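Single-structure report; data block below.
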């Protein structure tokens, strides 16, 4: 364990692996729940997939996976859009694969930013990541009946996190210049 969280391990290594695993776990579980809900027959053999319910049913695990990875999810949507246009019957889980593939890249960038300021043993980045996760979890449990709040909420959370990280990085650069 000491070697795992020692000086050799960096945020840019740990975060992509951990966050990709969480995104895959929560995303897959949420998509499975969503499929179960939307596959129920409602009227004359129709399922909820053929109604507007598909725009409103996002189980909390899926919302949590999306909120914690909003930049990767939005970029993945842009990448999967032409594929979904060419093959309209593609399963939703396959259409979301580009987002999942972008999650490690996103968290590598976050981890690299954290590595510039802290070691993995420091408590401050872990507290910040915990706060970020709790804020995303709260967003996942907000029940509005629509998911239209999801992207503004997620983008706002990510913008605030990026601003705070940038401010901390700038402050550490100023401190290093003063100490030199």
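Quick note: the coordinates plus some simple rules give every number you see, no bench work behind them. Here the structure is a predicted model, which is why all the values come from computation and not from measurement.
Let me understand the range 63-151 better: what is its radius of gyration from the alpha carbons, and its Dmax, in angstrom?
Values for the range 63-151 (Cα only, Rg and Dmax): 15.8, 48 Å.
On a 0 to 90 degree scale, rounded to 10, what angle separates helix 123-141 from the longest Cα axis of the chain?
20
Can you pull the three principal axis extents for the Cα set of the range 24-65, in Å, largest first?
Rounded to whole Å, the extents work out to 34, 14, 10 Å.
Whole number please: convex hull volume per residue, Cα atoms of the chain, in Å³.
127
Using 0.36 nm per residue of separation minus the Cα-Cα distance, give me the extension gain between residue 101 and residue 52 in nm, one decimal.
14.8 nm
Report relative contact order for the chain in percent, whole number only (criteria: Cα-Cα under 8 Å, sequence separation at least 6).
Answer for the chain is 31 percent.
Multiply the residue separation of residue 29 and residue 149 by 0.36 nm, subtract the distance between their alpha-carbon atoms, and state the gained length in nm to one decimal. Numbers along the way, then the final one.
Values: separation 120, 0.36 × 120 = 43.20 nm, distance 2.13 nm.
Stretched out fully, the residue 29 to residue 149 stretch lengthens by 41.1 nm.
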